[in-house]
Each structure stands twice: as structure tokens, then as C-alpha cells.
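*Asks:* First the structure, which I've put down as C-alpha cells, then a few questions once you've had a look.
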Amino acid sequence: MKNFRVEPVGDGILHLAFDMPGRTMNVFTNEAIHEVEAFAEWLRTSDVAGVVIYSGKQTAFCAGADLTELSSAYDMIMAAPEAERDDLTVAHFSPIGRGFRKLETAGKPVAVALAGLALGGGCELALACHYRVMTDDPGTQIGLPESLVGLLPGGGGTQRLPRLTGVEGSLGVLLEGARFGAKEAVAAGAAHEVVPPGQEIAAAEAWIRSRPDASQPWDREDWIDPTRDEVLAVTGPTRENALKKTGGHFPAELAILDCLDNGVPVPMDQGIVAEVEAFKHLVQRIEPRNMIAVRFLGRVDYDKARRKEALPDGLDAFGEEVKAAMQGKAAELGDAGSAALHFAGIGADYTGDAASAQIIADRKPQWFVQPQGAIEKAALEIVQAGAAVARDKGQGFDAKHRNLIDYHCQQAAGYPVYLGGPFTFLDLYGV
């Protein structure tokens, strides 16, 4: 393996160090995912007493997925004929959930020693281990931030976390990008032990030496799945609130709730299938692609440039011009323009009822591709007005800064996050 080191340490215990070469921070690439699956398959037939997983980096355990690679996968899938995209998506993205499931059912106790952040796929790997030790340090946290970039956890996170914490206890992490610190994780049921920094590996080894049961709670005979009605009692009001808050424009939150509704009341293997099914549809939408490119990669570029005092010249003026163009178009359109700002979330809070928002969420093609009615047509004119500024004034910026500029326009001009920004919209749809 290239991304993991295997080290025997005595008493039949094996260390598995997550240590990607040439990187200061571990992330889950497609290669790393397949290595986990291969290791899990080997583990089933091995004679080891147990495994302790930890990070070989000083920075953190794992920062999540390689979103640049994920964006490339999106382009690959969408370039395929439409009839082939579902199967292609499942084939590309299901190995992470399959690999983690193989790890937790290999029949060998697996503990994880967490020091630093374990986010996204790193958190999902930790949840697939039978025992989780976290250091008593403010920087040691677990979380599933996928919803913040328009995605859902695709490695079993929507299934394991609610089974450990209860559905209600998982919602902040799944829907809002909240994180558990070490003591919070233990209190919530997401971790087992908190130790001083530097003692986490020894604590994990001690658990292995106690000859523990090498199974997850949901794989034991005494486990009882919650009923669908019990799950819906929590997710139903949450879904309604999410629809009102987002106007139906952010499909990730709704897809995550689908994973809970359809996956948590059934056995884990079926739950993993439900998660993949929801992920399959979500990842083919344009909103996640826009949010990855701008809300994540654009923000990272923006923050780096700001720290170096190297933000592009004219950035603030450009953002003001985009804002003025959209506000001017809204004023020109009168009442329809004012309503459109709230409908689309253009520098304004979303308004409307949950039923109407659900219709928007389910529509294909989306409203910004094929608007219906005066308000949607007005909203399209407004976002096009912002994109027209990028068309007319964008030549003054280096192309490599476009995601950064789009991120600035989200913050300064109120350009809708799910549409990326004026350059993103211009590239996709023109004006």
C-alpha cells in the first residue's frame, strides 16, 4: 500500500498508519479507498489479534475527501451517456462504503487512535472501527462536513452516526457541519475513551489486549433497529424546516434525510445501499459541483491569497458591480424582482412554504435551467445580470482566480451559493 503503513508491534497487534506520501495532511483519494478495502479483505483471513489505526501525520488524522479528485470524477460521470451515469456513479463511489463495511465485519477487533481532526471520510473510517479513542485536545474533533459543499457522507456516515448517537443527536453533524470534540463524542456515544495527548495509541492497544468482541452494536443479535415511524418523527419536522430555510435549492440536506428515513430503520447492509442510492442521484446534480468549486476550493484560494495580501486587484469593485447589477435588475422588474430575490436567495433570506420548496427541489431541470412563472423568470434575469458583469469585465482577471472571485461574490454580492458565482454561471449557462 502507498497511503498506509502496516507495522507489527507484538502480541499479534498490527498498527495501520494512515500516512499519504508527499502530503502534509491525509485525505481520502480513490487509491486510498481501494487500499482500505484490500486491507479489510486481507484482515479477514489473517491471524492478527487486532488492529490500531492512527495517523502518521502530526497535523491531523484525515481532512476528508480529495475534493479536486471528486470534481474530476463528476466531470467524468457527466461526460458519459445519460443512460450509463447511474451505474458509473455507483461503481466509482461505492468502494468506500463497501471497504469500511468489510473492515468492521472482518472478525478482528479494530481500534482507532485519533489525534487532530477526523473529518469526512476520516470520520467515517473511525466510525467503522469497533473502538474509538480521542485525545483530550481542542484540535481533536470528528465531523461530517459534506453537506457544506452540497454532498452527503458516502462511506456509511449517514448510517453509523445516527445508530451511535440516535437520529436526533446526529443531525447537527450531518446537516450543519457541526463537530464533536473528544468529550462531546463520548457523551454522545460516538467515541469510547478520552486520553491525554500521546497516550491514544497505548489506550487503543490496551483495548485490543482485553480480547474484545470484534463486532459493531448493529451486527449483534440484541440490536433492534428503530422503526421508520420513529425515524420520521425526528426527520419529518427537520425536513420541513430545511425546506423553508433553503427554499429547496440545497439538495444535500434533503438527500441526507432520505438516507436516515430509508437506511436507519433497516439492517446496516441495506442502509449502506440506501446511502449509495441517495448519493448516486445527488452527485450528478450541478449544485454540489458548484459548491465544491467555489464554496470550498474558491474559499481556500481566497484565504491563502488574503493571508499573503495577494488578492486580485479590483476584487472589491468587481463584487460591488455584480451586486449593483443584480439589485438594479431586481428594481427594474418591480414586485416580481423583489419576490425573485427571496425565491432564489439572492442576497436575501428564502421565503415560502415547505410544499413549494419541495417542488423546487424535485424539479428537473432546475428552475435556473427552465424557469416557470414570472418570479422564476425574474430570478433568472437577476443572476444573468450578475453573470453579465463577469462576461464584460472578467478579462481583467487571471482565469486561475475565477473560483476565488466567485467566492467573493457570494460573500459580498449575495450571489446564490448553489449557483457558484457569476463566472461559474456564465461558463455553464451564458447570459
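*Asks:* Can you find a residue in the stretch 15-22 that is touching a residue at least 40 places away in the same chain (Cβ under 8 Å) and more than 21 Å from Pro145 (Cα to Cα)?
*Replies:* Looking for residues that are touching a residue at least 40 places away in the same chain (Cβ under 8 Å) and more than 21 Å from Pro145 (Cα to Cα), one finds at least one in the stretch 15-22, hence yes.
*Asks:* Do we find that Lys102 is modelled with pLDDT of 95 or more, surrounded by fewer than 23 Cβ atoms within 10 Å (Cβ to Cβ) and part of a helix (DSSP H, G or I) in this structure?
*Replies:* In short, yes.
*Asks:* Could you tell me how many of the residues in the stretch 345-363 are within 18 Å of Leu380 (Cα to Cα), in a helix (DSSP H, G or I) and open to solvent by less than 50 Å² (accessible area, probe 1.4 Å)?
*Replies:* 3
*Asks:* Additional query: Consider Glu82 carefully, then state whether it is without any contact (Cβ under 8 Å) to a residue 40 or more places away in the chain, acidic (Asp, Glu) and surrounded by fewer than 16 Cβ atoms within 10 Å (Cβ to Cβ). Talk me through it step by step, then tell me what you get.
*Replies:* Values: without any contact (Cβ under 8 Å) to a residue 40 or more places away in the chain: yes; acidic (Asp, Glu): yes; surrounded by fewer than 16 Cβ atoms within 10 Å (Cβ to Cβ): yes.
Considered against the rule, which asks whether it is without any contact (Cβ under 8 Å) to a residue 40 or more places away in the chain, acidic (Asp, Glu) and surrounded by fewer than 16 Cβ atoms within 10 Å (Cβ to Cβ), Glu82 comes out as yes.
*Asks:* So is Ser55 of a type outside the set (A, V, I, L, M, F, W, C), more than 18 Å from Gly22 (Cα to Cα), surrounded by 14 or more Cβ atoms within 10 Å (Cβ to Cβ) and touching a residue at least 40 places away in the same chain (Cβ under 8 Å) or not? Walk me through how you get there before you give the answer.
*Replies:* Working: of a type outside the set (A, V, I, L, M, F, W, C): yes; more than 18 Å from Gly22 (Cα to Cα): no; surrounded by 14 or more Cβ atoms within 10 Å (Cβ to Cβ): yes; touching a residue at least 40 places away in the same chain (Cβ under 8 Å): yes.
It is false that Ser55 is of a type outside the set (A, V, I, L, M, F, W, C), more than 18 Å from Gly22 (Cα to Cα), surrounded by 14 or more Cβ atoms within 10 Å (Cβ to Cβ) and touching a residue at least 40 places away in the same chain (Cβ under 8 Å).
*Asks:* Here is a further query. From Asp87, Asp136, grab the single residue that is open to solvent by 10 Å² or more (accessible area, probe 1.4 Å), charged (D, E, K, R) and over 26 Å from Pro212 (Cα atoms).
*Replies:* Criteria check complete, one pass: Asp87.
*Asks:* Oh, and also: Just one of (1) in contact with a helix residue (DSSP H, G or I) (Cβ under 7 Å, 6 or more places away or on another chain); (2) more than 20 Å from Gly247 (Cα to Cα) trips up Glu309, so point out which.
*Replies:* (1)
*Asks:* Could you tell me whether any residue of the stretch 153-170 is among the aliphatic types (A, V, I, L, M), open to solvent by 30 Å² or more (accessible area, probe 1.4 Å), closer than 22 Å to Lys102 by Cβ and part of a helix (DSSP H, G or I)?
*Replies:* Filtering the stretch 153-170 for residues among the aliphatic types (A, V, I, L, M) gives 161, 164, 167.
Those left that are additionally open to solvent by 30 Å² or more (accessible area, probe 1.4 Å): 164.
Then drop every residue that is not closer than 22 Å to Lys102 by Cβ, which leaves 164.
Still in the running and part of a helix (DSSP H, G or I): 164.
Among the residues of the stretch 153-170, at least one is among the aliphatic types (A, V, I, L, M), open to solvent by 30 Å² or more (accessible area, probe 1.4 Å), closer than 22 Å to Lys102 by Cβ and part of a helix (DSSP H, G or I), which makes the answer yes.
*Asks:* Could you check the stretch 10-29 and list, in sequence order, the residues that are under 23 Å from Arg44 (Cα atoms) and modelled with pLDDT of 95 or more?
*Replies:* Initial filter on the stretch 10-29 (under 23 Å from Arg44 (Cα atoms)): 10-19, 28.
Listed by number, the residues that qualify are Gly12, Ile13, Leu14, His15, Leu16, Ala17, Phe18, Asp19, Phe28.
*Asks:* Right, here's the next one. Might you check whether a residue that is outside any helix (DSSP H, G or I), open to solvent by 30 Å² or more (accessible area, probe 1.4 Å) and touching a residue at least 24 places away in the same chain (Cβ under 8 Å) occurs anywhere in the stretch 110-123?
*Replies:* yes
*Asks:* Tally time: how many residues in the stretch 305-327 are open to solvent by 40 Å² or more (accessible area, probe 1.4 Å), touching a residue at least 24 places away in the same chain (Cβ under 8 Å) and part of a helix (DSSP H, G or I)?
*Replies:* Matching residues across the stretch 305-327 total 4.
*Asks:* Name the pairs: first residue in the stretch 388-406 and closer than 19 Å to Lys323 by Cβ, second residue part of a helix (DSSP H, G or I) and open to solvent by 70 Å² or more (accessible area, probe 1.4 Å), Cβ to Cβ under 7 Å, at least 6 apart or on different chains?
*Replies:* So the pair list comes out as Val389/Glu321; Lys393/Glu321.
*Asks:* Residues being closer than 20 Å to Ser55 by Cβ, without any contact (Cβ under 8 Å) to a residue 40 or more places away in the chain and not in a helix (DSSP H, G or I): count how many of those fall in the stretch 179-224.
*Replies:* Matching residues across the stretch 179-224 total 1.
*Asks:* When you go through (1) under 15 Å from Val234 (Cα atoms); (2) open to solvent by 20 Å² or more (accessible area, probe 1.4 Å) one by one for Arg179, which number turns out not to apply?
*Replies:* Exception for Arg179: condition (1).
*Asks:* With respect to the numbered conditions (1) surrounded by fewer than 17 Cβ atoms within 10 Å (Cβ to Cβ); (2) touching a residue at least 24 places away in the same chain (Cβ under 8 Å), which one is the sole condition not fulfilled by Ile375?
*Replies:* (1)
*Asks:* Which of the numbered conditions does Pro422 fail, given that it passes all the others? Conditions: (1) exposed (fewer than 15 other Cβ atoms within 10 Å of the Cβ); (2) touching a residue at least 12 places away in the same chain (Cβ under 8 Å).
*Replies:* (1)
*Asks:* On to the next question. Collect the residues in the stretch 234-249 that are open to solvent by 70 Å² or more (accessible area, probe 1.4 Å) and either within 17 Å of Ala340 (Cα to Cα) or in contact with a Leu (Cβ under 6 Å, 6 or more places away or on another chain) (or both), keeping them in residue-number order.
*Replies:* Residues satisfying the conditions are Lys244, Lys245.
The values are calculated or read from the model by the stated rules, or taken from the named source; none is laboratory data. Given the structure is predicted, the values throughout are model-derived calculations rather than measurements. Cβ sites come from the backbone with ideal geometry, for glycine too, and all protein chains shown count toward neighbours. Side chains are part of the model used for accessible areas, which takes the heavy atoms of the whole protein and leaves out ligands, DNA and RNA. Shrake-Rupley method; radii C 1.70, N 1.55, O 1.52, S 1.80 Å.
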